[in-house]
1. Let's test this: bin the Cα-Cα distances of segment 148-239 at 10 Å from zero up to the farthest pair and state each bin's percent.
2. For a Förster distance of 22 Å, can you work out the FRET efficiency between the beta-carbons of S150 and Q313, rounded to the nearest 0.05?
3. Mind ordering 183-194, 219-230 by average Cβ neighbours within 10 Å, highest first?
4. Taking the chain as the reference, fit the longest principal axis to its C-alpha atoms, fit the long axis of helix 263-291 to the helix C-alpha atoms, and give the angle between the two in degrees, 0 to 90, nearest 10.
5. Hey, could you grab the Kirkwood Rh for segment 313-458? Inverse mean 1/r over distinct alpha carbon pairs, Å, one decimal.
6. Kindly express, to the nearest 10 degrees and within the range 0 to 90, the angle between helix 317-350's C-alpha long axis and the longest C-alpha principal axis of the chain.
7. In bins 5 Å wide, starting from 0, what share of all Cα pairs of segment 198-256 does each bin hold, as a percent?
8. Using the Cα centre of the chain as origin and beta-carbon charges of +1 (Lys, Arg) and -1 (Asp, Glu), tell me which of A321, I447, G106 is placed farthest towards the positive end of the dipole.
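Bear in mind these aren't lab numbers, they're just calculated from the coordinates by the rules spelled out. Everything numeric here is computed off the predicted structure, so don't read it as measured data. Backbone-built Cβ (ideal geometry, glycine too); neighbour counts: all protein chains shown.
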Amino acid sequence: MTEITPTTVNSKNEKTFTRTREQWTSKFGFIVASVGAAIGLGNVWRFPYITGKYGGAAFLVVYVLAALFIAIPLLMTEFAIGRKTQLNYTGALRKMRPGTPWYLLGLVGVAVMVLVLSFYFGIAGWTLAYVARSVTGSYVGLTPNEIAESFGKFVSNPSEVLVWQIIVTILTAYVVIKGIKNGIEKWCKILLPTLFVFIVVLAVRSLTLPGAATGLSFYLKPDFSKLNPEAILAAMGQVFFTLSVGCGNMVIYGSYLSKKDTIGGTSLTVAAGDSLAAFLMGLVIFPAVFAFGLDPTTGPVLTFITLPSIFTQMKFGMFFATLFYLLLFMAAFTSTIALLEGIVGYVVDEWRWERKKTVIYTCIGLFILGIPSVLSFGPWSDFTPFFGKTFFDAIDFLVSNILLPGGGLIMAIFAGWVWGIKSALEEINSGEGMKVGSWYSISIKFIAPIAILFIMLQGLGIIHF
Ligand code: PHE
């Protein structure tokens, strides 16, 4: 956060201001905040399902390759751009290449964060509602059909949904108003370790259910025949979405980073933490889904219909349900915090607004923008003008498969060919710790731009090989 402190009074008796930028208090603080930014709904309801759908372990191979040669180098680039300039993405690009249109890439990034956050707040609200429902046992004893009906009623009742959405928005605003050290870092240090404990408890519960093995084999058994161009685009889209790269969200976290440590090692830790959470989520979900003879699904249906049907049949089901929805809430919450900081950081740096005012106005705007997404599950669920997708599915597809990879492509060109690999590496490697070299250079200059372009064109059916 940029604090504005009045320092001197000039001859006209006006106060002038100097800005000092806050920093993470420790490497651990930065890592938990960044892993928190990365872990989110993408890990819980996107990763397990698309992994199962597109060939299990075969899909994971593509996922890991896309992470290693595309997304992780881009993550390092984002942190480096932020740390180098101590600014948000737009401001950073303007500072690095003044008088050129590069800063527009930052503005597109802000738009993407607004888009993601507009539906994220709503869904995070649902998770809180389901914490409440699990604690009170309100769906105990219902059949799967009745559970589906009750979810349908819940999402088509905008007033209830919007109340939960407001609660999450206020909680996020509360953390972000307090800034980096006393807000984001402090909360992520509590939320993230708790989240991992919950995942492990739930994974153990799920894996020890009778019949868990069928789920495991659906999840992980390699099936290379399912690896078509669509699957490869999905893997790349997933890596971008889950690591939050491509829109400059990680630039803002990098801008609060000190020069003490190199960026390479921390970025790998962030990517590993995020992937571990995603992988473990698959171990939570599939063994349980198959043990209870249900169909694996994705998104809201999985989270709010399939899983509650399982919890009601399980011994101590409401205890595990409460853990699960709290886990989901924490995952979503650390992402809403990061996304809001990405937008607020832009406004504070560029428009020179004060933080508190920025947070309040941004949250009001986001709340209003989020209403169509929320309604797309209920009253508007039949409104599918976007290639047969609902408003929510359309945003999800647009963000993961087009905007983030597209943004990453241009960012790779910027770092590799405009800012220059030498300067990028200098920033990444400054400090103590692991240094990177040709792996980064080759990935950013060649592999990432070519692979992203190729995978996007092929996956969208524009070219065929
Ligand atoms: N990484 C988050 C998730 O997996 C989503 C996200 C995407 C957040 C892009 C910020 C920017 O849920």
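1. That works out to 12, 18, 28, 34, 9, 0, in percent per bin.
2. Once the sixth-power term is evaluated, E becomes 0.85.
3. Top to bottom by mean Cβ count within 10 Å: 183-194, 219-230.
4. So the helix axis and the longest Cα principal axis differ by about 10 degrees.
5. Final number for the Kirkwood radius of segment 313-458 is 19.5 Å.
6. So the inclination is approximately 20 degrees.
7. Using 5 Å bins, I get a P(r) of 4, 13, 12, 14, 14, 17, 14, 8, 4, 1 for segment 198-256.
8. G106
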